[in-house]
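The values are calculated or read from the model by the stated rules, or taken from the named source; none is laboratory data. This is a predicted model, so every value here is computed, not measured. A quick note on method: Cβ atoms are made from the backbone with ideal geometry, for glycine too, and the neighbour counts reach across all protein chains shown.
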Amino acid sequence: MLVLRYLRTATLAFVMAVMVIAPGAHAESAKDASVMVSSLADRALRILGNKAVTRTKREAEFRILFKKNFHVRSIGVFVLGRHWRRATPAQRKAYLNVFERFIVKTYTVRLSQYAGEKFKIIKSTGPDDRGVYLVDSAIKRPGKSSISLSWTIRRAKAGLRVVDIVIENLSMAQTQRDDFAGIIRTRGSIDGLIAALEEKMKKLEKS
Amino acid sequence: MLTFCNDGRASKFCLPEVSQRQKAVSRGVVELYNSVGGLGQSAKVLARSCVLLVVLAVAGACAPVPKDPEALKAFHEVNDPIEPLNRRVFRLNSRLDKAVLKPVAKSYRRNIPAFARTSIRNFLNHIEAPQTFVNDVLQGESGRAAETAMRFFVNTVAGFFGFFDVAAQYGLANHKEDFGQTLGVWGVKRGPYLFLPLLGPHNSRHVAGRVGDTLMDPRTYIAPGGWEYRVATGSVTALKIVDSRSRVIEELEDLEKSSLDLYATIRSLYRQNRESQIRNGKTISVPVPALVE
């Protein structure tokens, strides 16, 4: 009898412990994501706003930061969409190579607009049923309306990695996917896309 | 907390609650709209009416319909059956922009001081409030309708006929609604993409919405006919175009820099932005890149 009561108490204690700990653990990982975004955005905006060094140096620094915090391969595969499956290994390699340079550049261009502005985390949630963490943030600009930035994050083997940024409800990855689909359609093939990316990079590196 | 709407979907996909009567009315409108041939919902309908366009000597206006099922799915998703024609209009527009609109917008921003531009912006927003109000009501958004009415009253009285946005300082931020958005809330599909000369990116629902807004505007029927009135409305429209262009000078330049196919990029951004406007900025679940290690 005593044993039974003891067991019951133990079970109750266990259930209560789970109830207390589980949401805590949950909030912990969402917090990890927000800590990561906070430090990433802070450093990114500082690097891109640092006019004391040359642009080449700025971009090189940003590139290192970007590659460490974004899952470039996942983004590249998503952006190519259905064409990825049809690509040959050689095409995939050539594509991912130029895509990496291209995406660093596009993010440089996009985020440079906000360099030096105030950055604030609003809330972070996740992981949801897709394993996605969402960190909502805002960039406050004096005299202008603030910009909403939503960071989409997944847990890769190496840790939390950003897979998309949604600026004012516009997804960078989705937009790029549609952009690439457009050029594949007009140029007729993945090779056409790779060539277009190379041309674009040449132009961007020159300017 | 996850709740569910009437049809069982998770609440984040629900559209705002509307009353039964409103539902009946909107269903009627939706059916009417969907039955109007060329404006109909699917790409198929327009692809068919494209045959007509070809007859009208606009040869090469229609995009070829792909056979591969995946490509076909993407084709319907993009829903741009008259892409070649749209692209031509887009190129023409870009040239016009480069030659006229962009330089004008730049000089507007350079020569008019910021406070004056803000006041002009406030005024342009102010005179759109009645349209927003009507559409707030039609969408069943009573709270937002009240906000719009309040803003209009406060800014007319305390804001010197709308030149100062006093209401915003009291936490009543400006928002815009048009009949195209209302149609979206009512469940009308977006329809084929159309790039219009001067007006830019649209879908057929947006075009129908513009017509609706004009029909609902009392000024369409009771406006004084004199030349003074026409000059006034003409300059307001021109100002609106220049003002909105002056706000996206850098953004568009960045877009040109960072995209391969500017036409496809703008089409994508337009679609995403329009959907977000219809949901009043509430986020919808967008496809997220899967992990590829």
- Query: Is it true that residue A:163 is assigned to a strand (DSSP E or B) and within 10 Å of chain B (Cβ to nearest Cβ)?
  - Reply: yes
Checked A:118, A:140, A:93, A:123 against criteria (more than 11 Å from every other protein chain (Cβ to nearest Cβ), touching a Pro at 6+ places or on another chain (Cβ under 9 Å) and at negative phi); the one match is A:118
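If you go through segment B:260-275 one residue at a time, how many are in contact with a strand residue (DSSP E or B) (Cβ under 9 Å, 6 or more places away or on another chain) and either crowded, with 18+ Cβ neighbours inside 10 Å or more than 7 Å from every other protein chain (Cβ to nearest Cβ) (or both)? Spell out how you get there, then give the answer.
Going through segment B:260-275, the residues in contact with a strand residue (DSSP E or B) (Cβ under 9 Å, 6 or more places away or on another chain) turn out to be B:263, B:266-274.
Within this subset, residues satisfying the condition of being either crowded, with 18+ Cβ neighbours inside 10 Å or more than 7 Å from every other protein chain (Cβ to nearest Cβ) (or both) are B:263, B:266-272, B:274.
The total comes to 9.
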Taking first residues from segment B:220-249 that are over 14 Å from residue B:119 (Cα atoms) and second residues anywhere that are at pLDDT 90 or above and among the charged types (D, E, K, R), the pairs with Cβ under 8 Å that are 6 or more apart or on different chains are B:245/B:97; B:245/B:102; B:246/B:106; B:246/B:109; B:246/B:117; B:249/B:102; B:249/B:106; B:249/B:109
On the basis of being modelled with pLDDT under 95, part of a helix (DSSP H, G or I), of a type in the set (A, V, I, L, M) and surrounded by 16 or more Cβ atoms within 10 Å (Cβ to Cβ), does residue B:72 make the cut? no
Wholly inside segment A:1-86, helices (runs of 4 or more DSSP H) that include 2 or more residues that are at pLDDT 70 or above and crowded, with 19+ Cβ neighbours inside 10 Å are A:2-49, A:55-69, A:72-80
Cβ pairs under 8 Å, 6+ apart or interchain, first in segment A:147-172 and basic (Lys, Arg), second part of a loop (DSSP other than H, G, I, E, B) and buried (at least 21 other Cβ atoms within 10 Å of the Cβ), ordered by first then second residue, are A:154/A:71; A:154/B:288; A:154/B:289; A:161/A:71
Selection over segment B:217-241 where residues are surrounded by 12 or more Cβ atoms within 10 Å (Cβ to Cβ) and not in a helix (DSSP H, G or I) yields a count of 2
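Within segment A:168-184, does at least one residue satisfy the condition of being β-branched (Val, Ile, Thr), surrounded by 15 or more Cβ atoms within 10 Å (Cβ to Cβ) and over 16 Å from residue A:102 (Cβ atoms)?
Taking segment A:168-184 first, the residues β-branched (Val, Ile, Thr) are A:175, A:183-184.
Within this subset, residues satisfying the condition of being surrounded by 15 or more Cβ atoms within 10 Å (Cβ to Cβ) are A:175, A:183-184.
Now drop any that are not over 16 Å from residue A:102 (Cβ atoms), which leaves none.
Scanning segment A:168-184 turns up no residue that is β-branched (Val, Ile, Thr), surrounded by 15 or more Cβ atoms within 10 Å (Cβ to Cβ) and over 16 Å from residue A:102 (Cβ atoms).
Among the residues of segment A:166-196, write down those that are farther than 25 Å from residue B:279 by Cα and either aromatic (Phe, Trp, Tyr) or more than 7 Å from chain B (Cβ to nearest Cβ) (or both). Even if it seems obvious, please write down each step before you answer.
Start the filter on segment A:166-196 by keeping residues that are farther than 25 Å from residue B:279 by Cα, which leaves A:180-196.
Passing the criteria: A:180, A:184, A:185, A:187, A:188, A:189, A:190, A:191, A:192, A:193, A:194, A:195.
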Output for Cβ contacts, cut-off 7 Å, separation at least six or different chains, first residue farther than 16 Å from residue A:120 by Cβ in segment A:35-58, second of a type in the set (Val, Ile, Thr) and part of a helix (DSSP H, G or I), reads A:48/A:108; A:58/A:47
For segment A:126-137, the count of residues that are more than 9 Å from chain B (Cβ to nearest Cβ) and either touching a Phe, Trp or Tyr at 6+ places or on another chain (Cβ under 6 Å) or in a loop (DSSP other than H, G, I, E, B) (or both) equals 4
By my count, helices (runs of 4 or more DSSP H) wholly in segment B:166-216 with at least 3 residues that are among the hydrophobic types (A, V, I, L, M, F, W, C) and over 10 Å from the mean Cα position of the chain (by Cα) are B:166-169, B:204-216
